[in-house]
Amino acid sequence: MKAEKKAKKQPALVIVESPTKAKTLDRFLGSPYKVIASQGHVMDLPASQFGVDLENNFAPKYIVIFKKRKLVKELKATAAKFKVLYLATDPDREGEAISAHLATVLGTGKKIYRAVFHEITPDAVRAAFEHPREVDTDKVQAQQARRILDRILGYTLSPLLWKKVGSGLSAGRVQSVVLRLIVDRERQIRAFVPQEYWQITATLAKRVPGTEKMVPGTEFTAALETVNGKKAELKDGETAQKIVTELQRVPFVVADVTKKTTQRHPSPPFTTSTLQQSAFNRLGFSAGRTMRIAQQLYEGIELGTEGPVGLISYMRTDSVQISADAQAQAKNFILKNFGEKFLPESPRRYRSRRGAQEAHEAIRPTSLSHTPEAMKGFLTPEQFRLYGLIWNRFLASQMASAQMEVTSVDLTAGKCGFHAAGTRVLFPGFLQVLREEEEVKKQKGEKGEGEGQEKEDEAKSESQPLPELIKGEKLKTLKIDPSQHFTKPPPRYTEASLVRTMEELGIGRPSTYAPTLLTLSTRGYVNRLGRALVPAELGETVTDLLSQHFPKVLEVQFTAKMEEELDQVEDGKREWADCVKEFYDPFAEALKVASAEMQSMKQDPVPTNENCPQCGKVIVIKWGRKGKFLSCSGFPDCKFAKPITTGVKCPEPGCEGELVQRRSRRGVFYGCSKFPACRHIERTLPAAPPSALPEQQTGTD
């Protein structure tokens, strides 16, 4: 039913997703509204059936989710007491679909309104209820198209993998492409052949005039750049040592000094992607943990007598835009706390990446008066850390640029040319809020583990203080250091760098980054080595099979194009069924061929030289959905089985066990083989394991 411009204030039922959000809205709205929670989706495709009619334009079959039947019954009983229903679920595709299903289940004979807000504050909520709209069918259909595409892939490819590889496996439109990225990167690393090179760094200082003494506190470093006017390329230690020997005989002379003033601009407020990256790099939070905490901050935090208050705006967004009200609030806060010189000449406008959906704002605090320190007593430690990250980033994004003096020094030493650079802050601007060392890291792209070591070294040298140097002056040589290096392979992905890559390539959307990473871990396709993501043997096997038989499904460009088409459905520019059909027709043909021709990877058990402690029969290595494991060859009569140890001793004092890989709903972890006697666990493997497979039988007597 079409929504009126302004609903009359009469008794009405309001439905949101979570109990926390319901509690916050209930305080804002008061009488005559009653606010209850649906606890997420109430309808979905059936788990036990395909649920999509391929012969009838991909018509979906929705049912009430089995675990929600009791709740839906309670919702219906409550809804029967009201003639007006407000649907106040999240302002994205998932939220729109939840609202549509709630309207189907509860809306018979009722006036139905859709209330949309991007922050849970009194003003935003009241405005949404004063100007409701109807359910956005284009958004619902975009979500439906995504759900059906995922169902087609999941319910056709997964059984094929069960048959050819092992039970319990899965494939997904986004998941499988992201797995391929991780596998391809690991293979690049394995194929990489490092090349040796050397660098020479000189530690220098100003001289006291007329003496050989150094001026205290004037030390700085310079790097060799040229030899005989050409770029220095030192490929071995012998060449480097010859140059060092020559340098020890000649003075270092300042050839040129240049100074220039530059500006360093603040970064825009957080999007979902950049928040997940920064939270991983700076706080060590996984993408899933970041979104869980952000959801809590968005839905409402108990602030004593104030009651529950939403502290941040909606956290699933790819936009860097902010409202005029938020900008005005930032301007007033900066003026009051820092002064006019910390304001930019005009309010800052940031440009979202190409293809971003501008329906939402960037992630920002709902009120700058709720400073992190003022909120500390109401937040858990992890909430406080994430909220501080969001608050500081937003405030800094609205401040004046930092003014930097960059000094560049060229030096000569015989036939060699050296270079040194330094940076001095003239005016801190936004750096008054963000610590400078963190901002330097951010300007370098917040590299993941192992990334850009040369650039990190360069950043350190450029941030050094330089003394006042004069062209032509001779310097005191304190030390000349030759250092051996090797070129490095591309780094393994971390969660941060993988999310950044997904966004850059257009794979997935803000709501899918964290669930995709979690699925790869819980399915056993990817392991964690420190902070890095490493493909498991199972993940490589699945990727190879899918790449061979479904190359289009695993193409980055194809997946990105599909995301764009879903966006077109949301914008009302494309029919959802056409989008699904364009994918399904060639996929169905490939599926027929793969079902007949895909090689089975189920391996025969491999005997070891170990005997079963229960029945004495030979222990064999088997392949399961979680990879290789040890089992009694007498199965099913004997059900003895155990994981293969990693070769890493349990660090618990007095324990003689070894760490073994285990898996929970949160992904891979490493537990002691003596469990339950020893309950020690590690989230990542403390050291790279040697081959821990038991010795295999090589022959028979």
Calculated [θ] (222 nm, deg cm²/dmol) that DSSP helices of n ≥ 4 give over the chain, each run adding -39,500 (n - 2.57): -11000 deg cm²/dmol
FRET efficiency, 1/(1 + (r/R0)^6) with R0 22 Å, evaluated for E382 and D150 via beta carbons: 0.10
Carbon/sulfur fraction of accessible area - the chain, other protein chains in place, 1.4 Å, %: 50
Gain in span if fully extended, T261 to D123, counting 0.36 nm per residue against the direct Cα distance: 45.3 nm
Protection proxy ranking, peptides 337-347, 628-638, average beta carbon neighbours within 10 Å, highest first: 628-638, 337-347
GluC sites (Glu not before Pro) within the stretch 212-307, DSSP loop, no more than 11 other Cβ atoms inside 10 Å: E212, E233
Sequence ranges 580-592, 503-515, ranked by mean other-Cβ count within 10 angstrom, highest first: 503-515, 580-592
Chymotrypsin sites (Phe, Trp or Tyr not before Pro) restricted to the stretch 49-81 and DSSP loop, no more than 16 other C-beta within 10 Å: F50
Where only alpha carbons of the stretch 202-282 are counted, the Rg and the Dmax (Å): 20.9, 60
Rg in Å to one decimal, and Dmax rounded to a whole Å, for the stretch 133-245 via C-alpha atoms: 30.6, 85
Long-range HN-HN contacts of L533 with modeled amide H, under 5 Å: Y493, T494
Residues of the chain: accessible area per residue with a 1.4 Å probe, Å²: 49
Residues I63 and S31, FRET efficiency given R0 of 25 Å [Cβ-Cβ distance, rounded to 0.05]: 0.10
Note, ³J(HN,Hα) from phi for the stretch 25-31, Karplus 6.51, -1.76, 1.60, rounded to Hz, x at Gly and Pro: 5, 4, 5, 5, 8, x, 5
Distance (nanometres) between label positions extended 7 Å along Cα→Cβ at E575 and T412: 7.7
Accessible heavy-atom area order of K260, K622, K642, highest first, probe of 1.4 Å: K260, K642, K622
Mean Cβ count within 10 Å, highest first, over the residues of peptides 32-42, 277-287: 277-287, 32-42
Computed FRET value (nearest 0.05) for K231 with S158, which takes r as the C-beta separation and R₀ as 56 Å: 0.55
The chain, relative contact order in percent, only Cα pairs under 8 angstrom and at least six apart counted: 15
Viscosity 1.002 mPa s, temperature 20 °C, Stokes-Einstein D of the stretch 278-329 from Kirkwood C-alpha radius, µm²/s: 168
Violating pairs (Cα-Cα greater than 32 angstrom) within the set K110/K139; K70/K622; K76/K581; K61/K561; K259/K415; K68/K628: K70/K622; K76/K581; K68/K628
Long-range amide H partners of M601 with built H, under 5 Å: V165
Long-range amide H partners of E658 with built H, under 5 Å: C650, S673, K674
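The values are calculated or read from the model by the stated rules, or taken from the named source; none is laboratory data. Just so we're clear, the structure is a prediction, and the values are computed from it rather than from any experiment. Don't worry about glycine lacking a Cβ; one is built from the backbone with ideal geometry, like all the others, and counts go over all protein chains shown. Quick note on the areas: whole protein, heavy atoms, side chains included, nothing else; ligands and nucleic acids left out. Shrake-Rupley method; radii C 1.70, N 1.55, O 1.52, S 1.80 Å.
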